[in-house]
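Asks: Structure below; questions to follow.
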Amino acid sequence: MDVLVHGVGRDRSVDGILRLIEVAGQERPLAQLLAEMCPHVAAIASADIVSVYVREHGPAGDCLVMRGNVGFPASAVGTVSLRVGEGITGLTAECMRPVTVAVAETDASYKHVPGLGEEHFPSFLAVPLLGTGRVVGVLVLQRRSVEMFDAGEIALATALGAPIVLAIESARRRTADRQKGRSARLAGVPMVPGTAMGRVAVIPTLTGLPESSSVDPIDLGGALDRLRGDLERASRRLRGEQDAEVRRALDNLELALVDQRFRERLLSGTSSIGQGGVLGALRGVARDYARVPYRVPVRGGAIEPALEERAREIEDLCVLLYASATRANMLPHGGVWLGERIGAFVALCAVARGASALVSDVRLDDGPGLAIARAGEIPVVSQVDGLYAWVRPGDLVVVDADVGILRINPAESSVESFRKSRG
């Protein structure tokens, strides 16, 4: 009986997959595992770019977050996020089938992500990462050459995805085991110093708002007036602030709230009974503004940063209007507010309503939102790994933004210690 023993010189794919399986079984944070696995995948598959998107449940519902990458700027990891069904990557997750194109930008499903430089790597292959009964993520390979990945390469990528699925599901099982006590200590990056304690409130997104919420259809006008009152309170608190970004944000919010065309556009969508009219109008306005940057392209296929920032501000304003229009106290006084981004309007509202702290799971750039939080003395922590896996609305959280630590549902002794430290 002839036996073939694979040893030195055996197929690099076999060696590579065995190494990936070895790494996947290690009890380390998922981010560390994927950081080690992506270069191995790139070497085996001869890919210039390898990205691992993990399916996660955030404030906007299920999304695909880039948690591992080799080839793109390091800042992309944990920052780039797509909805299921959005872009070629989201389409792959939605249809649960591999998708490959020779030039990604020419595909109808393509979504450009500013700052990545992925236009230099047009050849694109996305493979769904199939876990127990559902897609747990997407593996994406890209190359500089303009050509389709062939059937053999698709099969190889699918095989390479299996150890990644193992790493994702093992990490989630470990997280679930740790969460049984629902108490945790999470680390992030301190952005604005200070300490605070409060109950968690999640800053919603328009796409993630529930359709069943009850909202008075005539209350949107009142919500505009209440937000104007918030602006006045924030202005009084920040009176004399010399930071130009803070003053500009105050001016921008005031202009938006007194803009008659903006008001008429919102109120025109609330003729239907119930909250559908309100939410539909808000989504329509945000969608219109979100499309503007893509209608005014600049050189290289990028979009105008000022227009993109304006679209984000309007979407945040629509979210705040919804929160003011509802009977529920979505963003309470003294709460620890969690959000994907901390824009200028959100920060102004936080100052006006006395939020105790602002926290994000992604990297925050130093912009008007942070300038306002700093002026209002609201502690901020960003890049908190595992934030939405651990934290639930209503949880008690102690935020130490001097060192970037969050204590979720701390012991009574820790709560008393914090209270005594604050006098």
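The values are calculated or read from the model by the stated rules, or taken from the named source; none is laboratory data. Computed from a prediction, not measured in an experiment: that's the story for all the values here. All Cβ positions, glycine included, derive from the backbone under ideal geometry; neighbour counts span all protein chains shown.
Asks: Looking only at region 297-315, count how many residues are modelled with pLDDT under 65 and either assigned to a helix (DSSP H, G or I) or out of contact with any Gly (no Cβ under 9 Å at 6 or more places or on another chain) (or both).
Replies: Residues that pass the stated criteria total 6.
Asks: So, in region 342-360, exactly how many residues are closer than 16 Å to Leu387 by Cβ and surrounded by fewer than 24 Cβ atoms within 10 Å (Cβ to Cβ)?
Replies: 1
Matching residues to (1) crowded, with 21+ Cβ neighbours inside 10 Å; (2) closer than 21 Å to Tyr388 by Cα; (3) within 24 Å of the chain's Cα centre (by Cα):
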site: Ser109; (1), (2), (3): no, no, yes
site: Pro114; (1), (2), (3): no, no, yes
site: Ala126; (1), (2), (3): yes, no, yes
site: Val135; (1), (2), (3): no, yes, yes
site: Leu156; (1), (2), (3): yes, no, no
site: Ile168; (1), (2), (3): yes, yes, yes
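Asks: Are any residues in region 331-383 of a type in the set (Val, Ile, Thr), assigned to a loop (DSSP other than H, G, I, E, B) and over 20 Å from Leu206 (Cα atoms), and if so, which ones?
Replies: Of everything in region 331-383, just one residue is of a type in the set (Val, Ile, Thr), assigned to a loop (DSSP other than H, G, I, E, B) and over 20 Å from Leu206 (Cα atoms), namely Ile378.
Asks: Further question: So which residues in region 136-150 are assigned to a loop (DSSP other than H, G, I, E, B) and either touching a helix residue (DSSP H, G or I) at 6+ places or on another chain (Cβ under 7 Å) or among the basic types (Lys, Arg) (or both), if there are any at all?
Replies: Arg144
Asks: Let me ask something else. Could you tell me which numbered condition Arg185 fails, if it satisfies all but one of (1) within 24 Å of Val362 (Cα to Cα); (2) part of a helix (DSSP H, G or I); (3) at pLDDT 80 or above; (4) out of contact with any Ser or Thr (no Cβ under 9 Å at 6 or more places or on another chain)?
Replies: Of (1) within 24 Å of Val362 (Cα to Cα); (2) part of a helix (DSSP H, G or I); (3) at pLDDT 80 or above; (4) out of contact with any Ser or Thr (no Cβ under 9 Å at 6 or more places or on another chain), only one is false for Arg185: (2).
Asks: Filter region 281-296 down to the residues that are at pLDDT below 75 and of a type outside the set (A, V, I, L, M, F, W, C), then identify the one that is nearest to Phe262 (Cα to Cα).
Replies: Filtering first and then ranking leaves Pro293.
Asks: If you take the residues of region 95-112 that are over 13 Å from Phe124 (Cα atoms) and aliphatic (A, V, I, L, M), which of them is modelled with the lowest pLDDT?
Replies: Ala108
Asks: Just one of the numbered conditions (1) over 27 Å from His57 (Cβ atoms); (2) without any contact (Cβ under 8 Å) to a residue 12 or more places away in the chain; (3) part of a helix (DSSP H, G or I) is not true of Leu156; which one?
Replies: Here Leu156 meets the rest and fails (2).
Asks: Within region 94-107, track down each residue that is in a loop (DSSP other than H, G, I, E, B) and either surrounded by 13 or more Cβ atoms within 10 Å (Cβ to Cβ) or of a type in the set (Asp, Glu) (or both).
Replies: Hits for region 94-107 are Pro98, Ala102, Val103, Asp107.
Asks: Ile372: touching a residue at least 60 places away in the same chain (Cβ under 8 Å) and either of a type outside the set (A, V, I, L, M, F, W, C) or farther than 25 Å from Glu245 by Cα (or both), yes or no?
Replies: Considered against the rule, which asks whether it is touching a residue at least 60 places away in the same chain (Cβ under 8 Å) and either of a type outside the set (A, V, I, L, M, F, W, C) or farther than 25 Å from Glu245 by Cα (or both), Ile372 comes out as no.
Asks: Among (1) hydrophobic (A, V, I, L, M, F, W, C); (2) under 25 Å from Ile17 (Cα atoms); (3) modelled with pLDDT of 90 or more, where does Ala74 come up short?
Replies: (3)
Asks: Checking His57 against (1) touching a residue at least 40 places away in the same chain (Cβ under 8 Å); (2) surrounded by 20 or more Cβ atoms within 10 Å (Cβ to Cβ); (3) within 23 Å of Val391 (Cα to Cα), which single condition isn't satisfied?
Replies: For His57, the failing item is (2).
Asks: Same structure, new question: Determine which member of the set Arg174, Arg239, Arg143, Arg233 is at pLDDT below 80, charged (D, E, K, R) and farther than 30 Å from Val403 by Cβ.
Replies: The match here is Arg239.
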